[in-house]
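*Asks:* Let me give you the structure first, and then I'll get to my questions.
The values are calculated or read from the model by the stated rules, or taken from the named source; none is laboratory data. Everything quoted here is computed from the prediction, not taken from an experiment. Note that each Cβ is placed from the backbone with ideal geometry, even for glycine, and that neighbours are counted across all protein chains shown. Protein only, heavy atoms only, side chains kept; ligands, DNA and RNA dropped before computing areas. Shrake-Rupley method; radii C 1.70, N 1.55, O 1.52, S 1.80 Å.
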Amino acid sequence: MERWNGRVALVTGASVGIGAAIARALVQHGMKVVGCARGVDKIEKLAAECESAGYSGTLIPYKCDLTSEEEILSMFSAIKTLYQGVDVCINNAGLAHPEPLLSGRTELWRNMIDVNVIAMAICTREAYQSMKERNVDDGHIININSVMGHAPHPNNLVHFYGVTKYAVTALTEGLRYELCDQSSSIRATSISPGLVKTEFAYRLLENTSISASKLYGRMKVLSGEDVSSAVIFALSAPPNLNVGEITIRPVKQSW
């Protein structure tokens with residue numbers, strides 16, 4: 001990770017869970033990390049914790065609604081002004097609504113696509129353009145995917161969410177092809193976790209008959225730090241080696 005010391009990373013959805021764990025890990029390794037979310041109170045608290053811990057990097061909170069292209073473009077413009085541009089882009093932000101394919105509400109399907117797919121595509125494009133205009137040819141774009149981006153989940157409440165994650169799989173692989181077409185050494189990685197203990201399931205299952213606490217209690221699940229370790233692994237690979245896909249699950253998770 002030495003070559004990333006002092007360089008700039010963007011982490012979307014950095015306020016809680018996986019995003020917060022990734023942001024912390026990158027700051028520990030000396031990176032300047034722009035952590036964005038719709039609300040920055042928790043990121044500001046995390047930034048203070050990182051500073052108090054004496055980490056060599058810096059966490060910069062940035063308020064951004066990823067459903068707004070205008071706000072995303074404004075964020076990249078601010079990063080360019082303050083820090084020249086992005087060297088690493090971690091597309092972590094994502095959400096799920098319990099909306100099945102046969103009875104789901106269209107507006108909530110659209111919300112999942114806007115955040116999980118469109119925002120990721122916009123951030124990917126802008127990160128690449130930021131790297132290209134500065135002749136950064138060793139950058140890295142990492143998309144936080146899901147095991148549901150590779151196989152449908154048995155529960156119908158998350159089938160449409162799975163649709164968006166299949167799109168992330170296709171987006172990452174398509175990105176890899178396009179980078180190769182440009183003879184670029186910028187790398188593209190998809191990281192697909194299984195069950196991770198975050199606020200995600202509590203939000204998803206809040207108004208359903210399924211208990212998130214019981215779900216998490218069935219086995220020893222992953223932590224946000226497990227996912228951030230996968231990010232560090234991908235970033236630490238030799239520059240000529242592209243880690244295209246990492247899938248991690250709790251040992252006792254079958255699906």
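*Asks:* Can you name every residue in the range 243-252 that is open to solvent by 60 Å² or more (accessible area, probe 1.4 Å) and not hydroxyl-bearing (Ser, Thr, Tyr)?
*Replies:* Result: Glu245, Arg249, Val251, Lys252.
*Asks:* When you scan the range 50-60, how many residues do you find that are of a type in the set (Asp, Glu) and surrounded by 21 or more Cβ atoms within 10 Å (Cβ to Cβ)?
*Replies:* Within the range 50-60, residues that are of a type in the set (Asp, Glu) and surrounded by 21 or more Cβ atoms within 10 Å (Cβ to Cβ) number 0.
*Asks:* When you go through (1) in a loop (DSSP other than H, G, I, E, B); (2) touching a Gly at 6+ places or on another chain (Cβ under 9 Å); (3) not polar (S, T, N, Q) one by one for Pro154, which number turns out not to apply?
*Replies:* Result: Pro154 passes all but (2).
*Asks:* Being open to solvent by 40 Å² or more (accessible area, probe 1.4 Å) and either among the acidic types (Asp, Glu) or part of a helix (DSSP H, G or I) (or both) is the filter here; which residues of the range 216-241 pass it?
*Replies:* Gly217, Glu225, Asp226, Ser229, Phe233, Ser236
*Asks:* Can you pull out the residues in the range 1-23 that are touching a residue at least 12 places away in the same chain (Cβ under 8 Å) and part of a helix (DSSP H, G or I)?
*Replies:* Once the filter is applied, which keeps residues that are touching a residue at least 12 places away in the same chain (Cβ under 8 Å) and part of a helix (DSSP H, G or I), the range 1-23 yields Arg3, Trp4, Gly17, Ile18, Gly19, Ala20, Ala21, Ile22, Ala23.
Every residue, every condition in (1) of a type outside the set (Ser, Thr, Tyr); (2) crowded, with 17+ Cβ neighbours inside 10 Å; (3) in contact with a strand residue (DSSP E or B) (Cβ under 7 Å, 6 or more places away or on another chain), yes or no:
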residue: Arg3; (1), (2), (3): yes, no, no
residue: Leu26; (1), (2), (3): yes, yes, yes
residue: Lys32; (1), (2), (3): yes, yes, yes
residue: Gly35; (1), (2), (3): yes, yes, yes
residue: Asp41; (1), (2), (3): yes, no, no
residue: Ala48; (1), (2), (3): yes, no, no
residue: Tyr62; (1), (2), (3): no, yes, yes
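*Asks:* When you look at Thr124, is it open to solvent by less than 40 Å² (accessible area, probe 1.4 Å), outside any strand (DSSP E or B) and either polar (S, T, N, Q) or touching a strand residue (DSSP E or B) at 6+ places or on another chain (Cβ under 9 Å) (or both), yes or no?
*Replies:* Against the criterion (open to solvent by less than 40 Å² (accessible area, probe 1.4 Å), outside any strand (DSSP E or B) and either polar (S, T, N, Q) or touching a strand residue (DSSP E or B) at 6+ places or on another chain (Cβ under 9 Å) (or both)), Thr124 qualifies.
*Asks:* Same structure, new question: Quick check on this structure: which one of Gly104, Gly94 is assigned to a loop (DSSP other than H, G, I, E, B), at pLDDT 95 or above and within 15 Å of the chain's Cα centre (by Cα)?
*Replies:* Testing whether each residue is assigned to a loop (DSSP other than H, G, I, E, B), at pLDDT 95 or above and within 15 Å of the chain's Cα centre (by Cα) leaves just Gly94.
*Asks:* Scan the range 132-150 and tell me whether some residue there is open to solvent by 60 Å² or more (accessible area, probe 1.4 Å), farther than 30 Å from Tyr216 by Cα, in a helix (DSSP H, G or I) and free of Cβ contacts under 8 Å to residues at least 60 places away in the same chain.
*Replies:* yes
*Asks:* Also: At pLDDT 95 or above, of a type in the set (Lys, Arg) and open to solvent by 40 Å² or more (accessible area, probe 1.4 Å) - does that describe any residue in the range 151-172?
*Replies:* No, that holds for no residue.
*Asks:* Of these, Thr247, Thr172, which one is part of a helix (DSSP H, G or I), of a type in the set (S, T, N, Q), closer than 26 Å to Ile113 by Cβ and out of contact with any helix residue (DSSP H, G or I) (no Cβ under 6 Å at 6 or more places or on another chain)?
*Replies:* Thr172
*Asks:* When you look at Met75, is it under 24 Å from Arg176 (Cβ atoms), open to solvent by less than 60 Å² (accessible area, probe 1.4 Å) and more than 16 Å from the chain's Cα centre (by Cα), yes or no?
*Replies:* no
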